[in-house]
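Notes follow the structure.
The values are calculated or read from the model by the stated rules, or taken from the named source; none is laboratory data. None of these values were measured; they are calculated from a predicted model. Cβ placement follows ideal geometry from the backbone for every residue including glycine, while neighbour counts extend to all protein chains displayed. Ligands, DNA and RNA are stripped out before the accessible areas are found, and what is left, the full protein with its side chains, is counted by its heavy atoms. Shrake-Rupley method; radii C 1.70, N 1.55, O 1.52, S 1.80 Å.
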Amino acid sequence: NSGMLAAAQSAQWGGMQLPFTVESAGNSFFACASVSIGAHMLTVGNANLLLAHGTPKQQQVFAQREFSGLWAGTMCLSEPQAGSSLSDVATRAEPDVTDGADFETDPLGPRYRLTGNKMWISGGEHEITENIVHLVLAKIPGPDGRLIPGTKGISLFIVPKKLVNERAELIGERNDVVLAGLNHKLGYR
């Protein structure tokens, strides 16, 4: 790791507190060498979103590992039947009560079981980093169990490829997120 993923971040997150323009200039060399490997934009965007909206524990566990380069990050927004239309999101998020009624008290945030399909996830499956942190848009069903039409009920969920505990340790289980197909994107070879 070059340290450039966190170059513009504070020292608390392993950063060098450089101006963003310096960080961008430094990272341009990685992008020129290989767009797919240098496409760190999603990891940095994912980690920055967690810094802005995540809990302190989520920031410590997920964002810090992403800024270190140990974990990668993605954004899982588009769906085959909807493209980028948020009104048509069909991925469901149901409270995960399989481990008991304490799904809301997990130190990393309430646990939900997501079902659905996402597409066009740059860096969505690889072995370059030890984990991939997916930020997934999904709808929580209404009281009747059906998805609410439109954009109501949409939330953003942290879905790591490999499950982790509150100390950012991999717990040896792979999440049941699977790659169903591969789009060969222009320039990502």
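Couple of notes before you dig in:
- Model label points for Asp144 and Phe29, set 7 angstrom from Cα along the Cα-to-Cβ axis, are 6.0 nm apart.
- For the chain, adding -39500 (n - 2.57) for each run of n ≥ 4 DSSP H residues and dividing by the number of residues yields -5500 deg cm²/dmol at 222 nm.
- With every protein chain in place, the chain: carbon and sulfur % of accessible area (1.4 Å): 58 percent
- Across every direction, the projection of the convex hull enclosing the Cα atoms of segment 70-181 has a mean area of 7.5 nm².
- Counting only residues at least eight positions apart within a chain, or on another chain, the lysines with an alpha carbon under 20 Å from that of Lys57 are Lys161, Lys162.
- Angle of helix 41-53 to the longest C-alpha principal axis of the chain, folded into 0 to 90 degrees and rounded to 10: 60°.
- For segment 20-91, the equivalent ellipsoid derived from the alpha-carbon gyration tensor has semi-axes of 25, 19, 10 Å in decreasing order.
- Computed with a 1.4 Å probe over protein heavy atoms only, the accessible surface of segment 9-151 comes to 54 Å² per residue.
- Separation of the Thr115 and Thr151 label points, Cα + 7 Å toward Cβ, nm: 2.7 nm
- 0 to 90° range, to nearest 10: angle between helix 20-33 axis and the chain longest Cα axis: 90 degrees
- Look at the alpha carbon pairs under 8 Å that are at least 6 residues apart: their mean separation over the length of the chain gives a relative contact order of 19 percent.
- Here each label is just a point 7 Å from Cα along the line to Cβ, and for Val178 and Thr98 those points are 1.3 nm apart.
- Amide H contacts of Ser78 (H built 1.01 Å from N, under 5 Å, at least 5 apart or other chain): Met119
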